[in-house]
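Below you'll find the structure, written out as structure tokens, and then a few comments.
The values are calculated or read from the model by the stated rules, or taken from the named source; none is laboratory data. Given the structure is predicted, the values throughout are model-derived calculations rather than measurements. With ideal geometry, Cβ positions are generated from the backbone for all residues, glycine too; neighbour counts draw on all protein chains shown.
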Amino acid sequence: MAEERSDHTLQATALVHDAYVRLVDVDQLQHWDSRGHFFSAAAEVMRRILVDHARNRDRLKRGGQSQQLSLDSVELFWKPEYGDILDLHSALEKLEAIDPTSAKLIKLRCFAGQTQAQAAALMGISRSAADRRWAFARAWLYDTLK
């Protein structure tokens, strides 16, 4: 959420609450194999929530692609270099087909807020393997999203 636009209508707390509601089924008890399994599921749920939110934002009834700009802040307006969440979603789906482990690492880092060491531990891989996969995934995403 820290990298999202400043006028984002979905707050971090709302994202976590919505993810919790989707993860925890009151009628059916969830069994997580490990912390890594839980954080992977949480990252996937948060990514889906953000993608749904971005898709809804782009709907015509919510203004479509139009942007509200204050005339005082036109020069200060910042647009993300790599596009929006929908572009990242498409790129992650392509990366998942090529290298599912790197895609999982990206999801844990970007959507679950894990550090490199935490993500490596959750995935059950070494820190150096995570570093290699992170370098590959970042380069691949940069090339895909530019």
For the stretch 102-146, give me each residue that is closer than 12 Å to G36 by Cβ and either of a type in the set (S, T, N, Q) or touching a strand residue (DSSP E or B) at 6+ places or on another chain (Cβ under 8 Å) (or both).
Q114, Q118
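Listed residues P100, P80; which is within 21 Å of L10 (Cβ to Cβ), surrounded by fewer than 17 Cβ atoms within 10 Å (Cβ to Cβ) and either out of contact with any Pro (no Cβ under 7 Å at 6 or more places or on another chain) or at pLDDT 90 or above (or both)? Walk me through it before giving the result.
Numbers: P100 fails: within 21 Å of L10 (Cβ to Cβ).
Just one listed residue meets the conditions, P80.
Looking only at the stretch 17-34, count how many residues are over 14 Å from A112 (Cα atoms) and either modelled with pLDDT under 65 or not β-branched (V, I, T) (or both). Steps first, please.
In the first step, residues of the stretch 17-34 are kept if they are over 14 Å from A112 (Cα atoms); the result is 21-22, 24-34.
Applying the additional criterion that residues be either modelled with pLDDT under 65 or not β-branched (V, I, T) (or both) yields 22, 25, 27-34.
Selection size over the stretch 17-34: 10.
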For the subset of the stretch 4-16 comprising residues that are surrounded by 10 or more Cβ atoms within 10 Å (Cβ to Cβ) and farther than 17 Å from N56 by Cβ, which member is modelled with the highest pLDDT?
V16
Conditions first: (1) surrounded by fewer than 20 Cβ atoms within 10 Å (Cβ to Cβ); (2) modelled with pLDDT of 85 or more; (3) over 20 Å from Y142 (Cα atoms); (4) over 13 Å from the mean Cα position of the chain (by Cα). E44 passes all but one, so which condition is the exception?
(4)
Within the stretch 28-47, track down each residue that is of a type outside the set (F, W, Y) and touching a helix residue (DSSP H, G or I) at 6+ places or on another chain (Cβ under 8 Å).
Q30, S34, R35, G36, S40, A41, A42, A43, E44, V45, M46, R47
Could you tell me which numbered condition W134 fails, if it satisfies all but one of (1) within 19 Å of A14 (Cβ to Cβ); (2) among the aromatic types (F, W, Y); (3) at pLDDT 90 or above?
(1)
